[in-house]
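Readers should treat all values here as calculations from the given coordinates under stated rules, not as data from a laboratory. In this text, all values refer to a predicted model and were calculated from it rather than measured experimentally. When we count neighbours, we look across all protein chains shown, and the Cβ atoms used for this are built from the backbone with ideal geometry, even at glycine.
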Ligand code: HEM
């Protein structure tokens, strides 16, 4: 097959034909620029995700060996960020996961629905009379940022700081695209995050609240010890990284599908029970996390190939979700698709997204409000003028300018 890379900008803009070529001709594809094996078929992605002892996350994440970067963390902040959860393997992963689950109870998520609706409606109230808006900036970004700010327990005035720290966290942890110079700038941002949250943690130690910082401070690993400051900072960073960019991109992708498929937008208004299916099909067709890294810990047979121990791999959720061996007419958006819930956009196995219930709720509530309150929703620029943020891991627009009328 033709030599291409997940790092090519044109592939990042529109990866679907390349994914199909890989799945059909080279299901385990050696990416020449990334220097890793791309796993593209649904069943192979599932195999890798369900075998964490062979496909390690801990050994797949880049470590800052750069002295200048380490100095920034050590001298200005609270030391290099430690690897937890999405960057970790059992047994440590299991300990942290059960602890974060305590702060992420179904009850807490359940209680959020009315207030997710309030945030959604007040954001729409803020632009509904303008007739035109960059809906990415005015809606898709602030919705999850405000929700996570409230949940973690920080001021809503600080949501744009959270956004910057989220971006820095994504670039420093799950993408491999930052140059050494960029890593220095990222470290400076992450130190800002550390200092800000170290203060909030201190405040909660003396004055506990009904929020996640307090829950995390009070939780104990296997009933024995509480999390120390670097561990608390690492978990909070993951909630920010995991919960913002992804949900923002899921909301934007959903709005785009409503614009492109007016008949399905109409069907949703006619039968609102369909709204719960909407996030699943949006996430299947436009997975906000397109792929993440793993490292093989032993020789392994996958997709008809033997990968030697020590091979860096990309598990490509975005390609698996378009695999016609699993989904009929995968390029077609269909809110009534029976198998949509089988998508791998939240991963699978031990790292299955911890925030998936919250993300689904934000997407259902957010997209329903957009579809019910706005009419004649359309792009104000040709679709081919939209572009995506450069990333190997994530897929999301740089802007989404739309016009509309009040319904
Ligand atoms: C549409 C929105 C979302 C998408 C597409 C998404 C996607 C994912 C994926 C693919 C993984 C698996 C990573 C792997 O296998 O290595 C994951 C894990 C994770 N997600 Fe999400 N996520 C979303 C929303 C959220 C939210 C709202 C939060 C929290 C506020 C969150 C927190 C996490 C955390 C902490 C992990 C790591 C879990 C572990 O390693 O055990 N995510 N997410």
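So how compact is region 208-289: Cα radius of gyration and Dmax in angstrom?
18.9, 56
Quick one: what do you get for region 104-159 if you divide its Cα Rg by 2.2 N^0.38 Å? Before the final figure, lay out the partial values.
On the way: Rg = 12.4 Å, N = 56, 2.2 N^0.38 = 10.2 Å.
Taking N as the residue count of region 104-159, the ratio is 1.22.
Averaging the inverse of every distinct alpha carbon separation and then flipping it gives the Kirkwood radius. What is it for region 40-135, in angstrom units?
On the way: mean 1/r = 0.0550 Å⁻¹.
It is 18.2 Å.
Take every Cα pair under 8 Å in the chain that's 6+ residues apart, average their separations, divide by the length, and report that relative contact order as a whole percent. Intermediate values should be presented prior to the final figure.
Values: 621 pairs, mean separation 106.7, N = 407.
Contact order relative to length: 26 percent.
Return P(r) of region 57-203 (all Cα-Cα pairs; 10 Å bins starting at 0; whole %; ordered from short to long distances).
10, 30, 35, 20, 6, 0
Distance from a point 7 Å along Cα→Cβ of residue 160 to each backbone N in region 107-129: keep the residues under 17 Å and list them by number.
Output list for this probe position: 123, 126-127.
Could you line up 397, 73, 115 from fewest to most neighbouring Cβ atoms inside 10 Å?
Ascending number of Cβ neighbours within 10 Å: 115, 73, 397.
Kindly identify region 9-406 as rounded, prolate or oblate by the Cα gyration tensor criterion: order the square roots of the eigenvalues as a ≥ b ≥ c, call it rounded if a/c is under 1.5, otherwise compare a/b with b/c, prolate if a/b is larger, else oblate. Write out the running numbers ahead of the final one.
Numbers: a/c = 1.56, a/b = 1.08, b/c = 1.44.
Oblate shape, in that a/c is at least 1.5 and b/c is the bigger or equal ratio.
Specify whether the C-alpha gyration tensor of region 287-363 places it in the rounded, prolate or oblate class, a ≥ b ≥ c being the square roots of the eigenvalues: rounded for a/c under 1.5, otherwise prolate if a/b is larger than b/c and oblate if not. Numbers along the way, then the final one.
Details: a/c = 2.91, a/b = 1.54, b/c = 1.88.
Verdict is oblate for region 287-363.
Could you line up 381, 282, 69 from fewest to most neighbouring Cβ atoms inside 10 Å? Can you show the working numbers first?
Details: 381 11, 282 28, 69 21.
With the fewest neighbours first, 381, 282, 69 line up as 381, 69, 282.
How would you rank 166, 173, 94, going from fewest to most other Cβ atoms within 10 Å of each one's own Cβ?
Neighbour counts put them in this order, fewest first: 94, 173, 166.
For region 229-346, take every pair of Cα atoms, bin their distances at 5 Å starting from 0, and report each bin as a whole percent.
Spelled out per bin, shortest first, that is 2, 10, 16, 17, 16, 13, 11, 8, 5, 2, 0.
Using a 10 angstrom cutoff on alpha carbons, build the Gaussian network for the chain and name the most mobile of 376, 167, 121.
376
For the chain, what is the mean residue ellipticity at 222 nm derived from helices alone (per DSSP H run of n ≥ 4: -39500 (n - 2.57); sum divided by total residues; nearest 500 deg cm²/dmol)? Before the final figure, lay out each step's value.
Details: 16 runs with 197 residues, N = 407.
It lands at -15000 deg cm²/dmol.
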